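Student: Just passing along the structure, written as structure tokens.
The values are calculated or read from the model by the stated rules, or taken from the named source; none is laboratory data. This structure is a prediction, so every number in the text was calculated from the model and none was measured. Positions of Cβ are generated from backbone atoms using ideal geometry, with glycine treated the same way; all protein chains shown enter the neighbour counts.
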Amino acid sequence: MKLYNTLTNRKEEFMPLEEGKVKMYVCGPTVYDYIHIGNARPYVIFDTIRRYMEYKGYDVNYVQNFTDVDDKIIKKAIEEGVESTVISERFIKEALKDAEGLNVEPATKNPKVTEEMDGIIEMIQTLIDKGHAYVVDGSVFYDTKSFPDYGKLSGKNIEDLEAGARIAVDENKKNPMDFVLWKPKKEGEPYWESPWSQGRPGWHIECSVMAKKYLGDTIDIHAGGEDLIFPHHENEIAQSEAANGKPFAKYWLHNGFINVDNKKMSKSLGNFFTLREIVEHVPYDVVRFFILSGHYRSPINFSRELMESAGKGLERIKNAYKNLVFFENNSTGEMTDDEKKLSLEADKFREQFEKAMDDDFNTADAVTAIFEIARFANVNVNEGSSKEFAKDIREKMLLLCNVLGIVPEDKDTGDKISPEEIEALISKRAEAKKAKDFAQADAIRAELLEKGVVIEDTRAGVRWSYK
Ligand code: AMP
Ligand code: ZN
């Protein structure tokens, strides 16, 4: 199995630190809003990589944090007049709901900054004691000049970085590239006690601390979106390697962006769609399939057309699978000699799938292998097939789908209320509310709930999702 390591800029053979085990850390979202479709990409991609490693027999310890202390969370909490934990807890719950919708396996652990303060303070103290950090007026900064390897992940050179630093430099810093490990509180902000001030940690330190606590000083894989290479991951390396005196992560994996009109989809550019908005129109499994249809390191453009074509592709897989289930349920008997030959022939799809995934997780080609087994099933399995043969091909197909987290079996779509019917009921409810007929409005909400749909009134209108 080969993977592309950002640290060495090349594809390398995967060799775990410990036989049969993988320690994997993935940077998670900052929880101040619903996740957007760009954020969904690392969720799906690194879950798929984890599933493939599990398929290969590795025991994967998968840690993904939630950043629940941050300026944006505090800002939103002030706007709503609530504690910042109210905001972060709300959006952690929503992010977990989205992850479940995307069929992402639960992480072994989802640590939160607010629950790791002791470890954070301890690591900052170690960095100070070892001469890698300094204190100025209650702030603590990392001294990038003290770490000769600074820049090794991003391939940046510290002198060039300094020359290019046009941002207003904090005058407390010794050098422009130094970054904050601890900052004193400002009026109205949440804070924690520390030896340096009442305050809160900078962003980068949390991941170094959580990776160490839950996975150890040296881990196999560290992953995230490519925007995190610099400065976030560079700073994590500087912190962890200086504090622990050991290499931090063996392999660094980064996903490319989801773009809109060739620009990164992001909150700050305002060109984003939350996943919740998307799944009002397209099911979660189509979103997952859309993300898997490209190579994880390539940029993908988000468009309605591509999403529709992903939907059609997934439908083809589901139809082939449905037919296999039908033939299996409606026939009898064991494989004939010809079927045995065909069964052996069908093993080539698994080989094709593994070859694609072994080559830096080429999910696009892995999906092609599934399309091909679907086509093979359509051609070779029919009313005349034995039960054993239909089952054999179905299981071969399911095995590959499972690795990609695709569920080919449509569950109870028969009686699921359609988006159009939902929209109609929501309009009816709005009219009832307008006419001050709240009993009717409540009855419609209850009716939707009974049909498996949850609605939520927001400033931007009514949001709905399947339960
Ligand atoms: P954030 O909450 O912005 O820190 O992002 C959480 C994760 O989503 C990180 O791994 C980011 O690198 C990743 N991410 C953010 N925007 C995009 C995007 N447009 N495309 C792909 N990944 C993204
Ligand atoms: Zn991180």
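Student: Check ASP70, ASP59 and return the single one that is modelled with pLDDT of 95 or more, closer than 23 Å to LEU275 by Cβ and not assigned by TED's automatic domain parsing to the domain that holds ARG350.
Tutor: Details: ASP59 fails: closer than 23 Å to LEU275 by Cβ.
Matching residue, one of ASP70, ASP59: ASP70.
Student: Step by step: first the residues of region 140-177, then only those that are touching a Gly at 6+ places or on another chain (Cβ under 8 Å) and at pLDDT 95 or above, then the one that is surrounded by the most Cβ atoms within 10 Å (Cβ to Cβ). Which residue is that? Before you say what the answer is, go through the steps one by one.
Tutor: Of region 140-177, the ones touching a Gly at 6+ places or on another chain (Cβ under 8 Å) are 143, 146, 157-158, 161.
This time we only want the ones that are at pLDDT 95 or above, so: 143, 146.
Values: ASP143: 21, SER146: 17.
Among those that are touching a Gly at 6+ places or on another chain (Cβ under 8 Å) and at pLDDT 95 or above, it is ASP143.
Student: State all residues of region 329-349 that are assigned to a helix (DSSP H, G or I), at pLDDT 95 or above and not hydrophobic (A, V, I, L, M, F, W, C); if no residue qualifies, say none. Before you say what the answer is, go through the steps one by one.
Tutor: Pass one, region 329-349, residues assigned to a helix (DSSP H, G or I): 329-330, 337-345, 347-349.
So of that shortlist, the ones also at pLDDT 95 or above come out as 337-345, 347-349.
Of everything in region 329-349, those that are assigned to a helix (DSSP H, G or I), at pLDDT 95 or above and not hydrophobic (A, V, I, L, M, F, W, C) turn out to be ASP337, ASP338, GLU339, LYS340, LYS341, SER343, GLU345, ASP347, LYS348.
Student: Something else now. Just one of ALA320, ALA243 is among the aliphatic types (A, V, I, L, M) and touching a His at 6+ places or on another chain (Cβ under 8 Å); which is it? Walk me through how you get there before you give the answer.
Tutor: Values: ALA320 fails: touching a His at 6+ places or on another chain (Cβ under 8 Å).
The unique qualifying residue is ALA243.
Student: Counting just the residues of region 213-236 that are of a type in the set (A, V, I, L, M, F, W, C) and assigned to a helix (DSSP H, G or I), which one comes out nearest to ligand 2 (Cβ to nearest atom)?
Tutor: As a first pass, look at region 213-236 and keep what is of a type in the set (A, V, I, L, M, F, W, C): 215, 219, 221, 223, 228-230.
Restricting the remaining residues to those that are assigned to a helix (DSSP H, G or I) gives 215, 228-230.
Working: LEU215: 13, LEU228: 6, ILE229: 11, PHE230: 12 Å.
Selected residue: LEU228.
Student: While we're on this one: Could you please find all residues in region 283-330 being surrounded by fewer than 17 Cβ atoms within 10 Å (Cβ to Cβ) and of a type in the set (Asp, Glu)?
Tutor: GLU305, GLU308, GLU315
Student: Those residues that are closer than 21 Å to THR336 by Cα and among the aromatic types (Phe, Trp, Tyr), I need them from region 366-395; list them, please.
Tutor: PHE376, PHE389
Student: Let me ask you something else. Of these, VAL44, VAL26, VAL69, which one is within 16 Å of ligand 2 (Cβ to nearest atom), under 28 Å from TYR284 (Cβ atoms) and buried (at least 19 other Cβ atoms within 10 Å of the Cβ)?
Tutor: On the way: VAL44 fails: within 16 Å of ligand 2 (Cβ to nearest atom); VAL69 fails: under 28 Å from TYR284 (Cβ atoms).
On inspection, the qualifying residue turns out to be VAL26.
Student: Do we find that TYR251 is part of a helix (DSSP H, G or I) and among the hydroxyl-bearing types (Ser, Thr, Tyr) in this structure?
Tutor: Considered against the rule, which asks whether it is part of a helix (DSSP H, G or I) and among the hydroxyl-bearing types (Ser, Thr, Tyr), TYR251 comes out as no.
Student: Sticking with this structure for a sec: Of a type in the set (Val, Ile, Thr) and surrounded by fewer than 17 Cβ atoms within 10 Å (Cβ to Cβ), is that true of THR336?
Tutor: In short, yes.
Student: Let me ask you something else. Restricting region 227-251 to residues that are of a type in the set (S, T, N, Q) and buried (at least 19 other Cβ atoms within 10 Å of the Cβ), which is nearest to ligand 1 (Cβ to nearest atom)? So that I can check it myself, show each step before the final result.
Tutor: Of all residues in region 227-251, those of a type in the set (S, T, N, Q) come to 235, 239-240, 244.
Subset that is buried (at least 19 other Cβ atoms within 10 Å of the Cβ): 235, 239-240.
On the way: ASN235: 14, GLN239: 18, SER240: 18 Å.
It comes out as ASN235.
Student: Being more than 16 Å from ligand 2 (Cβ to nearest atom) and in contact with an Asp or Glu (Cβ under 7 Å, 6 or more places away or on another chain) is the requirement here; does TYR4 meet it? Don't jump to the end; show me each part of the working.
Tutor: Numbers: more than 16 Å from ligand 2 (Cβ to nearest atom): yes; in contact with an Asp or Glu (Cβ under 7 Å, 6 or more places away or on another chain): yes.
Taking the combined requirement at face value, the residue satisfies it.
Student: Can you find even one residue in region 192-203 that is part of a helix (DSSP H, G or I) and buried (at least 21 other Cβ atoms within 10 Å of the Cβ)? Even if it seems obvious, please write down each step before you answer.
Tutor: Restricting attention to region 192-203, the residues satisfying the condition of being part of a helix (DSSP H, G or I) are none.
For region 192-203, residues part of a helix (DSSP H, G or I) and buried (at least 21 other Cβ atoms within 10 Å of the Cβ): absent.
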